[in-house]
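Contents: one structure, followed by commentary.
FYI, it's all coordinate maths here, none of it is from the lab. Quick caveat: nothing in here was measured; it's all calculated off a predicted structure. Here Cβ is always computed from backbone atoms with ideal geometry, including for glycine, and neighbour counts include all displayed protein chains.
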Amino acid sequence: MANIQKQIEQLRAEIRHHDVLYYVQNAPEITDQQYDKLFAELKQLETKHPELITPDSPTQRVSEQPVAGFETVPHAVPMLSIDNTYNEDELRKFDERVAKGLESPRYDYTVEPKIDGLAISLRYENGHLTRAATRGDGSRGDNVTSNIRTIRAIPLSLEGKDIPEVLEVRGEVYMPKKAFTELNAAKVEAGEPEFANPRNAAAGSLKLLDARVTATRKLAFFAYSLGQVSTPLADTHYDALEKLRNFGLPVNEAKKAKDINKVMAICHDWQHRKDKFAYQIDGMVIKVNRYDQHDVLGTTGRAPKWCIAYKFPAEQAETILESITVQVGKNGTLTPVANLKPVQLAGTTVKRATLHNFDQLERLDARCGDTVIIEKAGEIIPQVVDVIVKQRDLFESKPFEIPTQCPTCGGGVQKDENGVYLRCVNPNCIAQLKERLEYFVGKGQMDIDKLGPALIEQLVDKELVKNFADIYKLRFDQLVQLERMADKSAANVMDSIEASKARPLWRLVAALGIRNVGGQSAQILSDEFGALDKLMAATAEQLTAIDQIGPVMAESVYEYLHDQDNIKIINKMLDAGVIPAPPKQKASNVLEGMTIVVTGTLKNHTRQQIEQMIKDHGGKTSSSVSKKTALLVAGENAGSKLDKANQLGIEVITEAKFMERVTSP
Ligand code: IVH
């Protein structure tokens, strides 16, 4: 046993070491596959020896148990905002105020990038992450610990020497540009609204009640300041950042500047390079370096007087709108897209820009041939923001005609229920079918990777595939005759279709492309019903009664699963051998019918882990003790809940006893 414990600890240390190399030092030494292998090894050992699992094991980042809501928690030191400046003049005025406030010319600055995400306060006690909270109103924020734990860039425990007993680290949680683009592409495919910018995407991902979903969002983190600290880390901000880096926290590049001229030069340098970074920077943050001088300068209540942001102006470009095409989405939504004369904007060549919807197009009155101004929304997605009407050829130019028919199938169009989007209402529209099939085979759904868009195009055009079920009837001899197909590639396609037959139920539910239902909702539905026939038989009331499934989604699901054509196609898929794997089974029924409360400080598990085990073994959890409570699992320093349980004569057990019950029933 001691041997296995050692092996487990070694693997954990190794994984943490590689996390630091990857996230803090930006210098990974192993490939993702090698990392995954270490992780799988650890996971395997821990599955065999659950008693050796600790809350800060890298395998324990994701809590399986969604929370009902976030509690608000106080900040020991308020989280202030910072004032903004937009030009050199304003920045120099800030410097004059600093000089005056300090009554001395002897001060210097630290200059660092301003990351566009959301501020978080991480509380480490004795080096262990105990709590994470959003800024909220500055004095109280939301407790988002279970979601923060899923961010691999954030260490669950700190490394190195002289770690203060209490250390609150503040910084920015952000979504890298690539993750943002991928997330929005998946949202569009799922028929869900896109995030306007990476900041909203990061905030939205952190406010999810289910940490399993947050874990898929590829969030990252940079530390940039301190809250409550039991022993001062350093005399200057610059040195404190260095300390944080040595504790294994990701800290962005920071520069020292001896005066405001140097500050300006650093700001300009970053402004030129800003598009080269993997994350979005919307300016620079300038801080007086010495902490004793922070105290002298003080705050205005809202913002400190020793700190200022220098914001970069939004970049725009002018170009010609060559044409407008109308795209048809998988649920029939028509979207106008501007095709542009290629132009450079914020680091990329832009050829297309979104016009969002026809209302927006009418408001702008954008016409083919117009000179238009484009800007990157959230600095990522190019959009047309203005038309230079003066430069329009008044004789030639005419307003864009809003389609009254689907551009692909010629079918009728209608405004959707929100009155914003136009939709093609022909259920047999070929453009929609292709989009739906592409979504069905997509990575987040049935993951039939060898069935790409070009092949789908051919299969639909040749009428070999008219619905999802037809995919499972395809034969080798049909595939091999298609363009760019040979024996090997056709066999690969067949294998990849075959492999998809046993995908988990939630993937199949997601793949159906039901309006308003993305991967997250599909998982909830799959967990709730456990089998496809049960979901198909669900009444509207049963669907609405599920936590996290709103009435609009419940209606979409009910309608979809009660449509005769859809039912036929689903049944044909099942006939063709699609057997969706049911969600994970319960581990046992030893806690069946019991409502259990967990309280106090636990030694070897987090509360979420214990609560998950309760569920896995058939029990229910509750946060308050009442007559209905069957059992109280009490850690150290249990307070009022323990008293109440004793009063009511409810059985109280320790964490260790609880583990015995579930591991050796
Ligand atoms: S310092 C009291 N440094 O920008 C000083 N903030 O617009 C605390 N931000 O609330 C903030 N990068 O969420 C600081 N390097 C950086 C930053 C940064 C991004 C955010 C932070 C702040 C907001 C103000």
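Tabulated data
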{"item": "Cα-Cα over 24 Å, subset of LYS330/LYS572; LYS161/LYS657; LYS187/LYS341; LYS462/LYS572; LYS178/LYS351", "result": "LYS161/LYS657; LYS187/LYS341"}
{"item": "Only Lys, Arg (+1) and Asp, Glu (-1) charged, at Cβ; the chain dipole about Cα centre in debye", "result": "620"}
{"item": "Descending Cα extents along the principal axes, the stretch 542-626, whole Å", "result": "54, 31, 22"}
{"item": "For THR601, net neighbour charge (Lys/Arg +1, Asp/Glu -1) across residues whose Cβ lies under 10 Å away", "result": "0"}
{"item": "Order by protection proxy (mean Cβ within 10 Å, highest first), peptides 620-626, 432-438", "result": "432-438, 620-626"}
{"item": "Partners for LYS114 among aspartates and glutamates (Cα-Cα distance below 13 Å; same-chain residues under 8 apart left out)", "result": "ASP83, GLU172, GLU253, ASP282"}
{"item": "Eligible lysines near LYS641 by straight Cα distance, threshold 16 Å, same-chain separation 8 or greater", "result": "LYS627, LYS628"}
{"item": "Separation of alpha-carbon centers, the stretch 423-479 and the stretch 156-172, rounded to whole Å", "result": "51"}
{"item": "Rounded FRET efficiency, nearest 0.05, which uses the C-beta distance separating ILE82 from SER139 and R0 of 22 Å", "result": "0.85"}
{"item": "Projected label distance in nm at CYS368 and GLU242, using a 7 Å step from Cα toward the beta-carbon", "result": "6.3"}
{"item": "Contour minus Cα-Cα distance for PHE39 and SER588 (0.36 nm per residue)", "result": "195.0 nm"}
{"item": "Straight-distance crosslink candidates among lysines, where the alpha carbon sits under 22 Å from LYS100 and sequence neighbours closer than 8 are dropped", "result": "LYS256, LYS258, LYS262, LYS287, LYS305"}
{"item": "Cβ-placed point charges (K, R +1; D, E -1), dipole of the stretch 160-317 about Cα centre in debye, nearest 20", "result": "240"}
{"item": "Added length on full extension, which subtracts the Cα-Cα distance from 0.36 nm per residue, GLU651 to ALA13", "result": "225.8 nm"}
{"item": "Dipole axis of the stretch 418-500 (+1 Lys, Arg; -1 Asp, Glu on Cβ), positive-most option in ILE448, GLN432, MET485", "result": "GLN432"}
{"item": "Residue among VAL384, VAL288, ALA630 farthest towards the positive dipole end of the chain, charges placed on Cβ", "result": "ALA630"}
{"item": "Simple label model, 7 Å out from Cα along Cβ direction - SER664 to ILE320, nm", "result": "8.2"}
{"item": "Two-decimal ratio, the chain, of alpha-carbon radius of gyration to 2.2 N^0.38 Å", "result": "1.10"}
{"item": "Cysteines without a disulfide-compatible partner [the chain; Cβ-Cβ under 4.7 Å]", "result": "CYS267, CYS307, CYS368"}
{"item": "Sites ILE388 and MET494, calculated FRET efficiency, Cβ-Cβ separation with R0 41 Å, nearest 0.05", "result": "0.15"}
{"item": "Extension gain, ASP487 back to LYS341 (0.36 nm per residue minus Cα-Cα distance, nm)", "result": "48.4 nm"}
{"item": "Nearest-20 debye value, the stretch 405-537 charge dipole, Cβ charges on Lys, Arg, Asp, Glu", "result": "80"}
{"item": "Compactness index (Cα Rg / 2.2 N^0.38 Å), the stretch 562-610", "result": "2.12"}
{"item": "Dipole of the stretch 157-279, positive direction: furthest Cα of PRO232, ALA215, ILE266, with charges on the beta-carbon", "result": "ILE266"}
{"item": "Rg [Å, one decimal], Dmax [Å, integer] - the stretch 456-511, C-alpha atoms", "result": "12.0, 34"}
{"item": "Neighbour net charge for VAL493 - beta-carbon separation under 15 angstrom, K R +1, D E -1", "result": "-3"}
{"item": "9 Å beta-carbon shell around ASP616, net charge (K/R +1, D/E -1)", "result": "+2"}
{"item": "Among 416-422, 257-263, the order from most to least packed when residues are scored by Cβ within 10 Å on average", "result": "257-263, 416-422"}
{"item": "Highest average packing first - 22-30, 522-530, 123-131, 281-289, Cβ atoms within 10 Å", "result": "281-289, 522-530, 123-131, 22-30"}
